[in-house]
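Before any comments, here is the structure.
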Amino acid sequence: MKRIGFSAALLILSSSPAVAGWSLGVGASYSPAVYKDTPSNQVVIPIIGYEGEHLYLRGFTAGYRIWERRSPHNIIFRLAYDPRTLQPSDSDDPIIRQVDKRKSTGLGGVTYQYANRSIGQFQVTFAGDIAGVHDGMYAETVYSVPIRTKKWMLTPSIGYSWNSSKLNNHLYGVSAEEAARISGLDEFTPDGDGQFFLGLRGLYKFTDHILATAGVRYTNLEGDLEDSPLLEKTDSFGVNIGLVYAF
């Protein structure tokens, strides 16, 4: 059974376009294998979104803004489903097939956002596991510059995410128990570290109600994470597309 991959997960989490009111549609995403000898991920999902002045729903995420949507400064409380998993039976690698399953979880946190039409948007997020799966935390900073016309919008972005040691050990680590049980696998306990990423999102309006969306994201793990014995590679591209009807 295929699981949603890391790059696909990050794209799907924000797959609904930020258009006022309700939106419904369908989206598809692709990401290459992250864990050793696991298949690439092709996922088709429904897109359901709502964008109000304070409340929003975007795919697997929800948020509440303290101030109205177009305020230059905002504080946003967020909830999200994090679908990043490892199902060992998905791998053809005999060692990976013996490690413990990595489960999905729910995330909760808060974001500070500053938006200015001249210089773009800057945001900082602090969040963590709220379902007790790994009790990890992360912090993320993103800078993006929306480029708008009446028919389309392009938004390039650059950012960095830092993961706590608990989160990194859940996703990339090898416990002492796993190392003792599995021949050929050494214990690996990464400290807090993270990843750089580059993104580009696009939106095109065929009509006032029918919109096409697309996104691509490049991610590069750094530091101790590059030495994880579980990983196929430490950089990846993810791509998604969608077609949405906005009410």
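The values are calculated or read from the model by the stated rules, or taken from the named source; none is laboratory data. Since this is a predicted model, take the numbers as computed values, not measurements. When we count neighbours, we look across all protein chains shown, and the Cβ atoms used for this are built from the backbone with ideal geometry, even at glycine.
The single condition from (1) touching a residue at least 40 places away in the same chain (Cβ under 8 Å); (2) within 24 Å of the chain's Cα centre (by Cα); (3) surrounded by fewer than 17 Cβ atoms within 10 Å (Cβ to Cβ) that THR213 fails is (3). Restricting attention to the range 103-123 and to residues that are β-branched (Val, Ile, Thr) and assigned to a strand (DSSP E or B), the residue that is modelled with the lowest pLDDT turns out to be THR105.
Residues of the range 131-141 that are assigned to a loop (DSSP other than H, G, I, E, B) and either among the hydroxyl-bearing types (Ser, Thr, Tyr) or closer than 19 Å to GLY223 by Cα (or both): GLY136 alone.
Within the range 127-156, which residues are farther than 16 Å from HIS170 by Cα and charged (D, E, K, R)? The answer is GLU140, ARG148, LYS150, LYS151.
Just to be sure, is LEU231 in contact (Cβ under 8 Å) with a residue 40 or more places away in the chain, surrounded by 15 or more Cβ atoms within 10 Å (Cβ to Cβ), of a type outside the set (Val, Ile, Thr) and in contact with a helix residue (DSSP H, G or I) (Cβ under 7 Å, 6 or more places away or on another chain)? It is true that LEU231 is in contact (Cβ under 8 Å) with a residue 40 or more places away in the chain, surrounded by 15 or more Cβ atoms within 10 Å (Cβ to Cβ), of a type outside the set (Val, Ile, Thr) and in contact with a helix residue (DSSP H, G or I) (Cβ under 7 Å, 6 or more places away or on another chain). Of all the numbered requirements in (1) without any contact (Cβ under 8 Å) to a residue 12 or more places away in the chain; (2) surrounded by 16 or more Cβ atoms within 10 Å (Cβ to Cβ), GLN121 misses one, and that requirement is (1).
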